[in-house]
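The values are calculated or read from the model by the stated rules, or taken from the named source; none is laboratory data. Because the structure is predicted, anything quoted here is derived from the model rather than measured. Please note: Cβ atoms are built from the backbone with ideal geometry, for glycine as well, and neighbour counts cover all protein chains shown. SASA here: full protein model, heavy atoms, side chains in, ligands and nucleic acids out. Shrake-Rupley method; radii C 1.70, N 1.55, O 1.52, S 1.80 Å.
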Amino acid sequence: NTKAGSTASVIITGKGNYKGTVTKTFKIAVPSVAKIKTLTVKGAKKALNVSWSKSAGANGYVIQYGTSSSFKGAKKVTVSAGTLKRTLSKLSSGKKYYVRVAAYKNYKNSKGQTLKQIGAYKTSKAVKTK
């Protein structure tokens with residue numbers, strides 16, 4: 001139940017012929033930051049093209065976009081690590097859209113479930129649709 005960037009410990013205690021206890025501390029991995037490179041209106045359509053920088057060690061990216069700078073009610077799109085650009089379509093015309101991107105890493109929890117650890121959304125960019 002630890003968060004990315006925090007520190008966790010594991011204690012290993014021997015049983016039977018194996019005596020002693022070992023404690024190891026480790027840091028929970030945080031995906032590096034993905035930065036938006038370009039955000040442009042796609043032609044005369046109600047769509048945006050967004051591209052971002054590659055994040056080392058990321059398993060993919062989460063793109064969040066909406067008409068509120070606080071991202072309240074924003075939509076999310078998840079893409080794989082090999083994808084560094086995306087077209088966001090079916091938007092309203094004449095609206096200002098805010099977009100931000102975060103990298104994520106997959107990890108397995110103690111139950112063997114694969115979960116996503118989403119990194120920080122460092123910056124956002126905005127553009128108005130036509």
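Worth pointing out:
- Candidate set: region 24-56, residues that are within 25 Å of Lys105 (Cβ to Cβ) and β-branched (Val, Ile, Thr); chosen: the one most open to solvent (accessible area, probe 1.4 Å): Thr25
- Residue within region 3-10 that is of a type outside the set (Val, Ile, Thr), outside any loop (DSSP other than H, G, I, E, B) and modelled with pLDDT of 95 or more present: no
- Every residue from region 109-120 that is of a type outside the set (Gly, Ala, Ser) and open to solvent by 60 Å² or more (accessible area, probe 1.4 Å): Lys111, Gln113, Thr114, Leu115, Lys116, Ile118
- Candidates are the residues of region 88-118 that are among the polar types (S, T, N, Q) and over 23 Å from Ser32 (Cα atoms); the one that is modelled with the lowest pLDDT is Ser110.
- Qualifying residue in region 24-31 (condition: of a type in the set (Val, Ile, Thr), in contact with a strand residue (DSSP E or B) (Cβ under 8 Å, 6 or more places away or on another chain) and closer than 27 Å to Ala126 by Cβ): yes
- Some residue of region 109-118 being under 17 Å from Ser68 (Cα atoms) and of a type outside the set (Asp, Glu): no
Table: residues versus (1) of a type in the set (Gly, Ala, Ser); (2) part of a strand (DSSP E or B); (3) exposed (fewer than 11 other Cβ atoms within 10 Å of the Cβ); (4) over 15 Å from the mean Cα position of the chain (by Cα).
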residue	(1), (2), (3), (4)
Lys72	no, no, yes, yes
Ser92	yes, no, yes, yes
Tyr104	no, yes, no, no
Tyr107	no, yes, no, no
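- The residues in region 56-70 that are under 10 Å from the mean Cα position of the chain (by Cα) and outside any strand (DSSP E or B) can be counted, and the count is 2.
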